[in-house]
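S.K.: Before I ask anything, here is the structure I am working with.
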Amino acid sequence: MVGASFVALLSLSAVSISAAAAATADELVAYGMSLVEFDDVRMSESEADFDGSEELWDEALLFEYKLATSYTEDKAITPLGYQPYMICNYAPDKTGIQRAQMVNEAFQNTSGVDVSHFFFEGISELNNAERSCGVIRTFNDTIPKVYASNPDAETWMKTNPIHPSMKMVDSTVTTIQARMDGDTQLGMISIDQNENGYIQRSTLEFSNVLCPGVRSFNGTQIVSGKEISQAAQDFVVEDGGKTVRDASYYYDKVNNGGNNDYTERMKLWSDAVTFVVNLTDPVDGRNPCLDIVVGKIFTFEVSPFIGQGGTGVLEVYSSVSEEEGYVIAEASNMTKDDVDQCIWYTLYAIALNPMVCSVEPKARPQTLCPDLTSDLSQCPPPSPAPSQPSSGRVVKVSLMNKVVVSMVIAVFSFRILN
């Protein structure tokens, strides 16, 4: 649990970096990629979140470094001390394999860095003549130690903490906002009422790629999908949303920055965090967003790992239909706007989780009863009608014609039912 203000994070990180006799936080920012450089590596929401501002980009980079280096002993499955970084090797005239080896050697040869302090799975993001990039997940002050022990690294290696906007694929926000606004033109898919009476629908899920080392924690412990999904859900609801709040650069910038030099997108995320934190009842600690929507309606599930024939991604989706979800939320005195804010918060919290390295909205098949409820045991398909003879001839009774209706992807955001 974070439970500390940004001021406290600053002081803690200063001690950590100083004790390591390593690069300062400002120096680490200088070793990072610019916003323009990163956009060439991964198409994400970064350009929209930062509105092209390199100054805000550097501020966020500094915040993430100070956050990561503020934890020295926290080694649970999902500690904030283990943070993912985009790491790029710019060494000229090298192959991707050679550049990956250079990165591995720099970390392995650094005094005070244990094998359990970093997880690097090679070049997975970009590989061209100029640079080779991949994701690495490291503990605490590993990055500054590596730069301090390898002075030449600053000439060929650039590292950036992967903050939430860098994880969200491009147009994530546009797609979800369109659904919330009732746009029936964006993300059109079909609903198929088939012959047995069930409704086939596609609902939107958040498909989240896990970072290196999440499954094989500390290099030896194999973490189950159930443990990972539970830890991910716990992170979203922990301390009434305060863990997410205190680890959020956007929240800190909007509320503690002292001026208005933040973007509209930053305010979107900050407002969602503020809203959810303020929903917590000061007396009994109940929070309808975290207790009902995240805790009971959303499902957090890790698909079978690649070796087991699956993708190994963390899937987050609504376990009930959109119509049922609104009824459940309304029973907890939540309006549509409240639920929308809860969705923004949940998406942001997932992206903030250091176990997650990429977030993408995808369509997920959903089978419903004809009345659009999700409990199929309450609507068994009707038995086929027997054939009836007529004038000595067998007449086949026609089944219901297939009806296909176009509809926007249904994220767990609810419209008011008239």
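The values are calculated or read from the model by the stated rules, or taken from the named source; none is laboratory data. Computed from a prediction, not measured in an experiment: that's the story for all the values here. A quick note on method: Cβ atoms are made from the backbone with ideal geometry, for glycine too, and the neighbour counts reach across all protein chains shown. Calculation scope for accessible area: heavy atoms of the full protein, side chains included, ligands and nucleic acids excluded. Shrake-Rupley method; radii C 1.70, N 1.55, O 1.52, S 1.80 Å.
S.K.: Against the condition under 19 Å from the mean Cα position of the chain (by Cα), hydroxyl-bearing (Ser, Thr, Tyr) and at pLDDT 90 or above, how does Ser46 come out, does it pass?
M.R.: So Ser46 fits the description; yes.
S.K.: Step by step: first the residues of region 306-329, then only those that are assigned to a loop (DSSP other than H, G, I, E, B) and modelled with pLDDT under 90, then the one that is nearest to the chain's Cα centre (by Cα). Which residue is that?
M.R.: Gly312
S.K.: A further question on this structure: Do we find that Leu399 is open to solvent by 50 Å² or more (accessible area, probe 1.4 Å) and at pLDDT 85 or above in this structure?
M.R.: Values: open to solvent by 50 Å² or more (accessible area, probe 1.4 Å): yes; at pLDDT 85 or above: no.
No; evaluated as a whole, the condition is false for this residue.
S.K.: Same structure again: Would you mind stating whether Asn259 is open to solvent by 60 Å² or more (accessible area, probe 1.4 Å), outside any helix (DSSP H, G or I) and out of contact with any His (no Cβ under 8 Å at 6 or more places or on another chain)?
M.R.: The answer is yes for Asn259.
S.K.: Then there is this: Mind counting the residues in region 271-301 that are in contact with a Ser or Thr (Cβ under 8 Å, 6 or more places away or on another chain), buried (at least 16 other Cβ atoms within 10 Å of the Cβ) and either of a type in the set (Ser, Thr, Tyr) or in a loop (DSSP other than H, G, I, E, B) (or both)?
M.R.: The qualifying residues number 1.
S.K.: Another one. I'd like to know if region 178-201 contains one or more residues that are open to solvent by less than 20 Å² (accessible area, probe 1.4 Å), at pLDDT below 95, closer than 22 Å to Leu368 by Cα and assigned to a helix (DSSP H, G or I).
M.R.: yes
S.K.: Inspect region 131-148 for any residue being acidic (Asp, Glu) and buried (at least 16 other Cβ atoms within 10 Å of the Cβ) and give the result as yes or no. Let's see the steps before the verdict.
M.R.: Residues of region 131-148 that are acidic (Asp, Glu), as a first pass: 141.
Now drop any that are not buried (at least 16 other Cβ atoms within 10 Å of the Cβ), which leaves 141.
Within region 131-148, one or more residues are acidic (Asp, Glu) and buried (at least 16 other Cβ atoms within 10 Å of the Cβ).
S.K.: Assuming Ile97 fulfils every condition listed in (1) assigned to a helix (DSSP H, G or I); (2) surrounded by 14 or more Cβ atoms within 10 Å (Cβ to Cβ) apart from one, which condition is it?
M.R.: (2)
S.K.: Ok, one more. Determine whether Glu121 is acidic (Asp, Glu), under 23 Å from the mean Cα position of the chain (by Cα) and open to solvent by less than 50 Å² (accessible area, probe 1.4 Å). Steps first, please.
M.R.: Numbers: acidic (Asp, Glu): yes; under 23 Å from the mean Cα position of the chain (by Cα): yes; open to solvent by less than 50 Å² (accessible area, probe 1.4 Å): no.
Criteria not met by Glu121.
S.K.: Let me ask something additional. Output the number of the condition that Thr367 fails; it satisfies all remaining conditions of (1) surrounded by fewer than 16 Cβ atoms within 10 Å (Cβ to Cβ); (2) among the β-branched types (Val, Ile, Thr); (3) without any contact (Cβ under 8 Å) to a residue 40 or more places away in the chain.
M.R.: (3)
S.K.: So, one more: Just the residues that are β-branched (Val, Ile, Thr) and at pLDDT 95 or above, please, taken from region 88-135.
M.R.: Within region 88-135, Thr95, Ile97, Val103, Val135 meet the criteria.
S.K.: Sticking with this one: State which residue is most open to solvent (accessible area, probe 1.4 Å) when the search covers only region 36-63 and only residues that are under 13 Å from Asp261 (Cβ atoms) and touching a Phe, Trp or Tyr at 6+ places or on another chain (Cβ under 8 Å).
M.R.: Among those that are under 13 Å from Asp261 (Cβ atoms) and touching a Phe, Trp or Tyr at 6+ places or on another chain (Cβ under 8 Å), it is Glu59.
S.K.: Tyr71 passes all but one of (1) farther than 25 Å from Asn260 by Cβ; (2) modelled with pLDDT under 95; (3) open to solvent by 10 Å² or more (accessible area, probe 1.4 Å); (4) outside any loop (DSSP other than H, G, I, E, B); which number fails?
M.R.: The single condition Tyr71 does not satisfy is (4).
S.K.: State all residues of region 302-334 that are open to solvent by 70 Å² or more (accessible area, probe 1.4 Å) and hydroxyl-bearing (Ser, Thr, Tyr); if no residue qualifies, say none.
M.R.: Thr311
S.K.: Which number in (1) in a helix (DSSP H, G or I); (2) in contact with a Ser or Thr (Cβ under 9 Å, 6 or more places away or on another chain); (3) closer than 21 Å to Ser303 by Cα marks the one condition that Ile350 misses?
M.R.: (2)
S.K.: Within region 217-256, which residues are closer than 20 Å to Phe63 by Cβ, of a type outside the set (Asp, Glu) and surrounded by fewer than 18 Cβ atoms within 10 Å (Cβ to Cβ)?
M.R.: Correct list: Lys242, Asn255, Asn256.
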